[in-house]
Amino acid sequence: MGNTSPLSVGIVGAGRVGAALGAALAAAGHQIIAASGRSAASRTRIAELLPTAAVRPAEEVAAGTRLVIVSVPDDALTPLIADLAEAGALGPDQIVAHTSGAHGLGALAPAVVAGAGPLALHPAMTFTGTRLDLDRLRSGVSFGVTAPVDLRAFATRIVADLGGAVEWIPEERRALYHAALAHGSNHLVTLVNEAMDRLRDAGVTDPARVLDPLLHAALDNTLRLGDAALTGPVSRGDAGTVARHLADLGASAPESVPAYLALARRTADRAVAAGRLLPADAEQLLDVLAHNRLAHNRLAHDCEEATA
Ligand SMILES: NC(=O)c1ccc[n+]([C@@H]2O[C@H](COP(=O)([O-])OP(=O)(O)OC[C@H]3O[C@@H](n4cnc5c(N)ncnc54)[C@H](OP(=O)(O)O)[C@@H]3O)[C@@H](O)[C@H]2O)c1
């Protein structure tokens, strides 16, 4: 596996990720032989990002290529690998890599039975399926990789060709790894949208402009400093301010209250654990949060009863 000669590559599922990774592998000198995709969007991505690839059904894409990248929706992965193996499209001298974060090598078991080498190769990045992704890959993306020991050098080479860095994820930790990424990136989207909505409620005309420098600084500080980056009323144990936040949120956007309460509680716990907030200073704040949680649960219960 120490060989660095170009590989023949098949892309099963020229979706956002498959097409972008294929284009990046082509830029690194590999040969993208074929790609699959039935929708107009997949066909357009193949034409734009994988011009050397023949458009073929999945079994034909997989058969005969050294590296098969399978990049399909998570729920489609396991049955598709079983179908490809049953159709005789996978065998020895092939490496089959999927790009799912939540799945590990288990999803590739039928490929292994057929003699192929398995890789779980998840780019920790959000993809558009356009050339924008290539710039992001070039600037360095981490890949959560699960691989048998004898394929680790191969995986490292592929990730390096994609301009990335390897993070080895044990098979039994794939779901945890993926939960952490989803929590951080997907829930961040919700959090920022919530903040923009509440700013609009407060009369702010351009919430994105207000949040842009603040949130970039908070993210940057957190990635460098961890819990030490925390500022704001929870870090100061400022129970009165948090109580006023909850009163106004409850009046104008009660749907925002549970998430605010849960995050404030978790923020307080982390601040105490990190020594940013003394337990004695946290007491009044924790009381405010507990009192509001009870009041909110009661209100939600009453509303449910009234509409039942
Ligand atoms: N999107 C991201 O930002 C991102 C980031 C990292 C990892 N991932 C992972 O990468 C994988 C692909 O995600 P994606 O966002 O690229 O998906 P996507 O844009 O929806 O593309 C999915 C591709 O799979 C094909 N496909 C769907 N069902 C299939 C089946 N049963 N058999 C064969 N091909 C099938 C689709 O082809 P048709 O044209 O025929 O529908 C399409 O080309 C997922 O495991 C996802 O979790 C995604």
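Nothing in this text is a laboratory measurement; each read-out follows from the coordinates by a stated rule. Since the model is a prediction, treat every value here as computed from it, not as a measurement. FYI the Cβ positions are ideal-geometry reconstructions off the backbone, even for glycines, and counts take in every protein chain you see.
Once the C-beta distance of Q284 and D93 is scaled by a Förster radius of 45 Å, the resulting FRET efficiency is 0.10 to the nearest 0.05. Subtracting the Cα-Cα distance of R244 and E86 from 0.36 nm times their residue separation leaves 50.6 nm of extension gain. Using the alpha-carbon centroid of each, what span in Å lies between segment 65-90 and segment 26-57? Going from one Cα centre to the other spans 16 Å. Sequence-distant contacts, meaning Cα pairs under 8 Å at least 6 residues apart, place the relative contact order of the chain at 12 percent. Projected label points at R266 and A47, each 7 Å from Cα along the beta carbon direction, are separated by 4.4 nanometres. The simple spin-label model puts a point 7 Å past each Cα toward its Cβ; for A274 and E304 those points are separated by 3.4 nm. Axis of helix 207-225 versus longest Cα principal axis of the chain: the two differ by about 70°, to the nearest ten degrees.
Remark: the M196-T130 segment gains 21.0 nm on full extension, using 0.36 nm per residue and subtracting the alpha carbon distance. Computed from Cα atoms, the angle from the helix 152-161 axis to the main principal axis of the chain rounds to 80 degrees. The long axis of helix 74-86 is offset from the longest Cα principal axis of the chain by roughly 20 degrees. Full extension of the chain segment joining A40 with H291 gains 85.0 nm, where the gain is 0.36 nm per residue of separation less the Cα-Cα distance.
Choose one answer from A243, A58, A23: the residue with the largest mean-square fluctuation in a GNM of the chain with alpha-carbon springs under 10 Å. Of the options given, A243 has the highest mean-square fluctuation.
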